[in-house]
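Encoded as structure tokens, the structure appears first; notes follow it.
The values are calculated or read from the model by the stated rules, or taken from the named source; none is laboratory data. Owing to the predicted nature of the structure, the values given are computational and were not obtained by experimental measurement. Note that we place each Cβ from the backbone using ideal geometry, even for glycine, and neighbour counts take in every protein chain shown. We work out accessible area using only protein heavy atoms, side chains counted, and drop any ligands, DNA or RNA first. Shrake-Rupley method; radii C 1.70, N 1.55, O 1.52, S 1.80 Å.
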Amino acid sequence: MYLDINSSILDFETSLNTMGFLDLKQERILSIEKPGEGNMNVVLRIRTNTRSFIVKQSRPFVQKYQDITAPIERIDVEFQFYKAVTNKVIAPHIPKILAYNAENYLLAYSRRFR
């Protein structure tokens, strides 16, 4: 399922709950917003009653120029990169991966604070 800024909160809650990332018994999405323009992927900030995080989802095209094809699996490469470079020195400078769903090409992360 592709999610974007026009998707309903219910669609996001259902998708994130299905991934096991959102517990609908305790957490509800309050807002969905664009944190800025994504060039390659759809990038959205999700605010819930308990936290805020970023959801990034790739498509088989460049988000900014949708007539240009791109490998949809690129989000997996990004996920693998973050897993490979995580250590005490780098960790404060890269996103903290919260969830990854290869089937839907979706990565959820939060910013780390020192």
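Charges only on Cβ, +1 for Lys and Arg, -1 for Asp and Glu: so what's the dipole of the chain about the Cα centre, in debye to the nearest 20?
Roughly 660 debye, rounded to the nearest 20.
In the context of the full set of protein chains, the chain has a per residue accessible area of 62 Å² (1.4 Å probe). The phi-based Karplus calculation (6.51 cos²θ - 1.76 cosθ + 1.60; θ = phi - 60°) puts the 3J(HN,Hα) values of region 3-19 at 10, 8, 4, 8, 5, 6, 4, 4, 4, 5, 4, 5, 5, 5, 5, 4, 6 Hz, whole numbers, x for Gly and Pro.
Applying the criteria of a DSSP loop state and at most 13 other Cβ atoms within 10 Å to the chymotrypsin sites (Phe, Trp or Tyr not before Pro) of region 31-114 yields Tyr65, Phe113. Normalising the average separation of contacting C-alpha pairs (under 8 angstrom, six or more residues apart) by the number of residues puts the relative contact order of the chain at 20 percent. For trypsin sites (Lys or Arg not before Pro), the sites in region 56-88 that DSSP calls loop and that have at most 10 other Cβ atoms within 10 Å are Lys88.
Percent of Cα pairs in the chain per distance bin of 10 Å, from zero to the largest separation: 13, 45, 34, 7, 0.
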